[in-house]
1. May I ask you to evaluate 6.51 cos²θ - 1.76 cosθ + 1.60, the Karplus curve with θ = phi - 60°, for each residue of region 93-106 and list the ³J(HN,Hα) values in order in whole Hz, giving x for glycine and proline?
2. Is the shape of the chain rounded, prolate or oblate, going by the alpha carbon gyration tensor and its root eigenvalues a ≥ b ≥ c, with a/c under 1.5 for rounded and a/b larger than b/c for prolate?
3. Rounded to the nearest 5, what is the percent of antiparallel bridges among the DSSP beta bridges in region 117-184?
4. When the chain is fully extended, how far beyond the present Cα-Cα distance does Asp126 get from Ile30, taking 0.36 nm per residue of separation?
5. Need one number: % antiparallel among DSSP beta bridges in the chain, to the nearest 5.
6. Please list the non-local residues whose amide H lies under 5 Å from the amide H of Lys9, H modeled 1.01 Å from N, same-chain partners needing a gap of 5 or more.
7. Comparing Tyr50, Tyr127, Tyr102, which has the greatest mean-square fluctuation in the GNM of the chain with Cα pairs linked when under 10 Å apart?
8. With springs only between Cα atoms under 10 Å, which of Phe97, Phe112, Phe169 fluctuates most in a Gaussian network model of the chain?
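What follows is calculated from the coordinates using simple rules that are stated; it is not laboratory data. Computed from a predicted model, the values in this text were never measured in an experiment.
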Amino acid sequence: MKRRDLNEKKVLMNEEAIENSLNRIVSEIIEKNPDLEKCAVVGIRTRGEYLAERIVRKIKEIKGVTVPFGVIDIALYRDDFFKSLSTPAVGPSHFDFDIEEYDVILVDDVLFTARTIRAAIEALMDYGRPKSVQLAVLVDRGHRELPIRADYTGKIVDSDKNNEAVALFIKELDAVDKVVLVQK
């Protein structure tokens, strides 16, 4: 489903709410990781990548530390890859650092069943074994199918598992920052 075709039911977060949530997430990351030089931030392509870039910028602004940044593409790691009727677009993963030397903070937009996170962790392990993996998500909508939880969450949203979805629109791609509840 393309973003322009989404049937928006309700705006859950506007630009200010997203900014406030990211500020809170960054504050929690700083609190939990006093030695930020040992942390790296990795965004899950696509919208998690842009949230991760914002987190890295905010850490730099607040603490003066530039944490390493990377992007992971999970398209080939998804457990539904071969069941999909369409071919997913696969982009490059990139890291300008040795993943094994860092505590990795994995960033995604919406945590739902946790299958995306499982795929991202599996993909990370192909690059090496991080010291630890922490998870930051802008929205947690519940309905987990795997025992994975976020360490840092911007907002928890109740949604109907079968009839609704949560979508992030982000300025870098969509010219607007908002999180919406959509009718499937």
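1. So the J values, rounded to whole Hz, are 8, 8, 9, 9, 8, 7, 4, 6, 8, 10, 7, 9, 9, 7.
2. The shape class here is oblate.
3. Antiparallel: roughly 60 percent of the beta bridges in region 117-184.
4. Contour length minus Cα-Cα distance gives 31.8 nm.
5. The antiparallel proportion sits near 40 percent.
6. HN-HN under 5 Å from Lys9: Leu181, Val182, Gln183.
7. Among Tyr50, Tyr127, Tyr102, the largest GNM mean-square fluctuation belongs to Tyr127.
8. Fluctuation is largest for Phe97.
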